[in-house]
Amino acid sequence: MSSNVSLYGIGASGVSLGASGAIPIAQTRAPGVSDVQGQYGQYQIGQSWVNELTNTSYVLTSFFYTNGILQATWTSTAAAAGALNTLTGDSGGAITPSAGNINLNGTSGQITTTGSGSAIVWSLSSSLVAPGSLEVTGLLQGDAGATLNTAGTVMNIATDNDTSTVNIGNGTSARTINIGTTTGVKTINIGTGAAANPITIGSATGAASLSLLYGSGNMSIAGAVAGTVTIGAAAQTGLITLGKSSTTSEVDIASGAGASTVKIAAGTGGNTVQIANGAGANTVSIATGAAAQTVTVGSTNTTSALTLQAGSGGVGVTGATSITGSLTASTTITATLGNITATNGNLNLAHTGNKLLIHASTAASDAIGVTAAMTAGTITVSTTAVTANSVIFLTAVTPGGTQGVLSYGTIIAGTSFVITSSSNMDTSTVAYLIIN
């Protein structure tokens, strides 16, 4: 019977005449998975190979592909104890028994192997040290507690470009999640990358609470200069407290050098604004800085009202005072310095028993006073209150001599004026009122 004849390369030279009459490839090494063809083309199944150094022979039993690359399976034909002749790993090629044995060794800190009966069990080390990147495609779980240490290098979690969500402590059981809670100094950054990161801390559900604590290093809430800072929800009904110290402290609002607009209760909800409304003795200063301040208190709209209240200390107004609308004083209005001026109105004493009380003395600056007795029906009154345009009211206080009609004349502005009676026998004392 005749057989098929194939002509192909064998190693560096030689010819094989079919599987049954193959001329072996003679080399000084064992064949590997990359030995798929020789000088004249691809080897055929059944091709034999002899390693002249070890006197070991092999036969080509199959082909396979790895990542699209054709590779060969060479099977040792050497006699060995049992049916196993070679083992092939991911690299290094096929290995043969030594003294009838092939050792399956692990790697310290990575893989351990344990033989029992006819089985060898491969296990990850109890203290696993990955020599490179460790990728877990399923659940990574530490049943008896797990610790991830940096060991002097950076630890990265989810630093790839994948868009999947990273969850920490996202189960439904009650648990405590600690970040940087030991005594060492930690720098903790959350969402500090150069991107528009929306960050939510805390929950508004039920009795959820949030505490932001700081030491002597202070706390700062800052962002983009055009950003908006909102404290309290739009439908807030609970108390919002800014500053609640039981000792001496200071709370500053808009205290920078910029021209800020500070709005308090500027909404339309009908607000009640209370300032220094506690039981303590408060000192309240409004616009007392060393600058030209414009201060408006109250409104002239419809029935708006303004009440200034004081106890026995009174209400003091310093400087030029202008009042638009009606001013009602329940007790006394006093100008300690300057004038009280009605530029377009009257001084109205509208109640029975009202009086016009004007201070009277012999002081040289007073516009009202009582003279000494006239001599021969005349007397000169020295006062700085008189002007060239003064109107002077005269009346006899203590009649004396032969009374006549009183008049004034010879005014020296800022110095004196003369009172004259139509009777040169008049020796009365005279009360005067100077109106300028």
Matching residues in the stretch 27-48 - criterion: being modelled with pLDDT of 90 or more and outside any loop (DSSP other than H, G, I, E, B): Q27, Q37, Q42, S48
Residue among D426, D366 that alone is surrounded by 11 or more Cβ atoms within 10 Å (Cβ to Cβ) and without any contact (Cβ under 8 Å) to a residue 24 or more places away in the chain: D366
Right, A226: farther than 20 Å from I168 by Cβ and assigned to a loop (DSSP other than H, G, I, E, B) or not? yes
Exactly one of these conditions fails for L394: (1) surrounded by 14 or more Cβ atoms within 10 Å (Cβ to Cβ); (2) free of Cβ contacts under 8 Å to residues at least 12 places away in the same chain. Give me its number. (2)
Can you list residue pairs whose Cβ atoms sit under 9 Å apart, with the first residue in the stretch 193-216 being farther than 18 Å from T176 by Cα and the second being of a type outside the set (A, V, I, L, M)? Count only pairs 6 or more apart in sequence or on different chains. N197/G191; P198/G191; I199/G191
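The values are calculated or read from the model by the stated rules, or taken from the named source; none is laboratory data. The structure displayed is predicted, hence computed values, not measured ones. Positions of Cβ are generated from backbone atoms using ideal geometry, with glycine treated the same way; all protein chains shown enter the neighbour counts.
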